[in-house]
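Down below is the structure, laid out as structure tokens.
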Amino acid sequence: LSDRLTETFRNLRTKGKLTPADVDGTVREIRRALLDADVALTVVKDFTAKVRERALSDEVNRALNPAQQVVQIVNEELIAILGGEQRRLQFAKNPPTVIMLAGLQGSGKTTFAGKLAKQLEKDGHTPLLIAADLQRPNAVNQLQVVAEQAGAAIYAPEPGNGVGDPVRVARDGVEHARRAQHDTVIIDTAGRLGVDAELMKQAADIRTATDPDEVLFVIDAMIGQDAVNTAKAFQDGVDFTGVVLSKLDGDARGGAALSVASVTGRPIIFASTGEGLDDLEPFHPDRMASRILDLGDILTLIEQAQQAFDEDEARKVAEKLATEQFTLEDFLEQMQQMRKMGSMKKMLGMLPGMGQMKQQLDDFDEREIDRTEAIIRSMTPAERRNTKLLNGSRRLRIANGAGMTVTDVNQLVQRFEQAAKMMKTVARGGVPNIPGMGSM
Ligand code: GDP
Ligand code: MG
């Protein structure tokens with residue numbers, strides 16, 4: 001994560017509301033981070049426009065913590081573009097399932113063919129690899145080696161038979177698979193170093209001839225800004241049903257994933273992460289989102305932001321107490337706040353001088369919050385602001401309204417008064433002596 005982005009989120013975290021200037025600053029840094037991750041410029045523009053619009057909407061201004069909300073929006077939008085849920089390989093109703101690979105030379109097609117064959121074998125399938133790359137002298141050989149490593153069968157033209165026709169090899173291969181009862185077929189094809197009309201046509205012809213269930217476009221994650229043009233060329237020239245992102249073990253940040261998914265709308269199905277045949281993973285949109293924006297760091301920042309927020313809240317409460325305005329409404333708000341944070345201990349830990357107290361709350365019962373809430377909700381607003389209004393008959397009515405006993409109500413009021421006293425001591429800067437907190 002760029003230091004600047006870190007800084008931006010740090011600045012955001014203490015703000016209650018986001019101004020358009022805050023949002024613009026943040027969006028600028030997100031743009032920079034995406035460009036750093038090699039996401040294509042057009043994609044970055046669309047993406048940041050969407051984030052900006054959502055960040056300025058009510059959804060964020062009403063949020064408990066706007067900075068956190070913005071991070072969430074960024075994360076959500078990234079995941080949405082990357083395909084939302086993970087997509088799996090689609091198998092044909094009537095085998096064999098035909099999977100064709102396409103992509104530039106060196107993108108990792110042949111290696112992926114071996115990886116996929118191995119995985120299919122492991123899952124109990126009977127894959128057949130078809131060597132339809134007859135462009136390079138060594139290509140068939142390479143696939144043979146890979147097939148052997150994967151323990152998978154291979155269909156290849158006879159060696160020394162002159163230049164074969166890859167379209168025919170592919171078609172014959174699928175025919176062979178049908179006869180030999182292979183339930184899956186992986187067609188390896190040729191690619192050139194750059195987008196090439198002739199090879200694109202060859203791939204399109206192989207597609208037409210074999211009518212694959214999946215056409216997987218294999219792209220090197222290190223390709224950078226060229227990702228968009230390459231992906232578009234293959235979409236127009238061959239079209240594909242899914243994407244394989246290769247060489248993710250390198251230090252590519254994965255910007256290509258966002259670019260390709262964004263401009264083609266096709267799901268990324270696999271992540272190829274090494275030269276070994278076991279280095280294959282299903283693609284996880286959420287993990288890739290984290291990788292692109294280094295969201296691990298951002299999540300840490302959110303936690304810090306959350307803490308800052310807690311401290312702010314604690315300070316507000318303390319200030320209120322100092323001026324003796326702490327009411328049952330505040331008490332309830334605090335309780336709800338604590339529930340939201342999932343931990344009362346954490347909240348108390350934020351209060352100065354109360355770190356040691358946390359232990360006393362180890363056996364804190366969360367249902368207690370429910371009971372407290374029920375009682376306070378049964379009071380009138382005036383009573384919540386001034387407990388002196390709570391006479392005997394009022395306490396009985398409240399108890400009935402909340403489905404509790406008068407003793408429960410009395411205990412709550414007592415606890416509230418103790419808490420108020422304790423908080424007041426904290427507000428004055430003292431270390432409180434806390435009666436009754438252990439039972440809270
Ligand atoms: P093809 O021309 O598209 O068939 O690409 P290849 O499968 O021959 O791969 C080209 C080079 O990239 C080879 O040296 C592979 O070992 C290497 N390669 C392929 N996939 C990966 C990967 O996921 N990670 C790494 N580090 N190298 C890979
Ligand atoms: Mg190859």
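Values quoted throughout were computed directly from the atomic coordinates according to the rules given, and no laboratory measurement underlies them. Note that the structure is predicted; figures quoted are calculated from it, not measured. We place every Cβ from the backbone using ideal geometry, glycine too, and count neighbours over all the protein chains shown.
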Quiz item: What residues have an amide H closer than 5 Å to that of Val215, excluding those fewer than 5 places away on the same chain, when H is modeled at 1.01 Å from N in the peptide plane?
Solution: Met100, Thr241, Gly242
Quiz item: When Glu29, Glu417 are ordered from fewest to most other Cβ atoms inside 10 Å of their Cβ, what list results?
Solution: Glu417, Glu29
Self-check item: Cβ-based exposure ranking for His182, His125, His176, in which fewest neighbours within 10 Å come first
Solution: His176, His125, His182
Exercise. Note down the net charge around Met100, summing +1 for each Lys or Arg and -1 for each Asp or Glu among other residues with Cβ under 13 Å from its Cβ.
Key: -4
Quiz item: Taking neighbour Cβ counts within 10 Å as the exposure measure, how do Ser272, Ser57 sort from fewest upward?
Solution: Ser57, Ser272
Self-check item: √(5λ) per eigenvalue of the Cα gyration tensor, region 97-283, largest first, Å
Solution: 24, 19, 15
